[in-house]
Amino acid sequence: MSLRTVLWAFVPYAMASAVHVVLLAMENPLAAPTKLILMPLLAVPVLLSIRRARRRVSILLILTALLFSWLRAAAGSLFPDTPELPLMLGFFGVAHIAYIVLFARFLGGRRMPWWALAYAAWWIVMMFTLGPHTGALLPAVGGYGVVLAGTAAMAARCSRLIAAGGALFLLSDTILAFRLFLPDAMPSWTSPAVMSTYTLGQGLLIAGALVRLHEKAAR
């Protein structure tokens with residue numbers, strides 16, 4: 001499967017993401033079910049890349065990240081009797097660990113840039129700002145922040161495409177964190193902002209990873 005064909009396979013995901021964000025902005029009830037199809041659609045170009053990728057472990061790590069990202073989105077539906085926020089943190093934590101291993105072990109091609117220190121500063125500021133509002137979830141939120149910043153930092157060692165995806169992913173979860181713990185301070189438009197940055201961030205992470213894997217396979 002050619003790289004061009006794989007990249008065209010992102011079109012359904014891009015279209016579904018745009019529809020979902022618009023429905024979310026309109027507060028349409030169809031926003032919830034459309035959210036559940038995003039990660040399966042993003043898995044399509046990954047599955048098309050299996051034969052081309054030399055390192056099947058890389059594909060497995062990508063699919064693991066997408067699976068747990070989907071479980072995070074579906075947590076409320078799959079586990080209605082369990083508090084949703086801890087599940088979301090747990091599922092997304094696993095997804096980020098998969099990304100960190102992928103970028104650190106298989107896709108990183110350069111030293112950590114100096115500006116990646118901003119992600120450590122981000123964690124300190126977030127804990128100082130939101131920590132007093134997290135209650136019993138403080139350890140979980142702190143740990144999740146570490147792996148989130150770790151994903152963004154490790155993405156910075158890869159291509160610009162992957163680095164941009166990591167930064168957008170972090171921005172999305174930053175907005176979401178303020179919506180969860182300081183809801184009165186966040187206007188309604190920040191809800192579609194969470195998903196627009198999230199879907200674009202995930203898409204760039206996966207596209208960048210697949211481009212890098214195809215480059216390695218062509219050598």
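The values are calculated or read from the model by the stated rules, or taken from the named source; none is laboratory data. Note that the coordinates shown come from a computational prediction; the quantities given were computed from them, not determined experimentally. With ligands, DNA and RNA removed, areas are computed over all heavy atoms of the protein, side chains included. Shrake-Rupley method; radii C 1.70, N 1.55, O 1.52, S 1.80 Å.
General observations
- Residue order for VAL44, VAL125 - accessible surface, 1.4 angstrom probe, largest first: VAL125, VAL44
- When the chain is treated as a GNM with alpha-carbon contacts under 10 Å, the residue of LEU138, LEU171, LEU161 showing the greatest mean-square fluctuation is LEU138.
- Nearest-ten-degree value, helix 117-130 long axis tilted from longest Cα axis of the chain: 20 degrees
- Between GLY93, GLY201, GLY76, the residue with the greatest mean-square fluctuation in the GNM of the chain (Cα pairs under 10 Å linked by springs) is GLY76.
- Computed from backbone phi with θ = phi - 60° and the Karplus coefficients 6.51, -1.76 and 1.60, the 3J(HN,Hα) list for segment 151-165 is 4, 4, 5, 5, 5, 5, 7, 9, 6, 5, 4, 5, 4, 5, x Hz; x is used for glycine and proline.
- Between helix 190-218 and the chain: long-axis angle, C-alpha atoms, 0 to 90°, nearest 10: 20 degrees
- Where the chain is the region considered: accessible area per residue in Å², 1.4 Å probe: 50 Å²
- Taking the longest Cα principal axis of the chain as reference, the axis of helix 11-25 is set at about 10 degrees.
- Prolate/oblate/rounded call for the chain, Cα gyration tensor, a/c under 1.5 rounded: oblate
- Surface share of carbon and sulfur [accessible, 1.4 angstrom probe, percent] for segment 71-219: 70 percent
- LEU7, LEU71, ranked by accessible area, largest first (probe 1.4 Å): LEU7, LEU71
- For MET186, solvent-accessible area (1.4 Å; no DNA, RNA or ligand), Å²: 50 Å²
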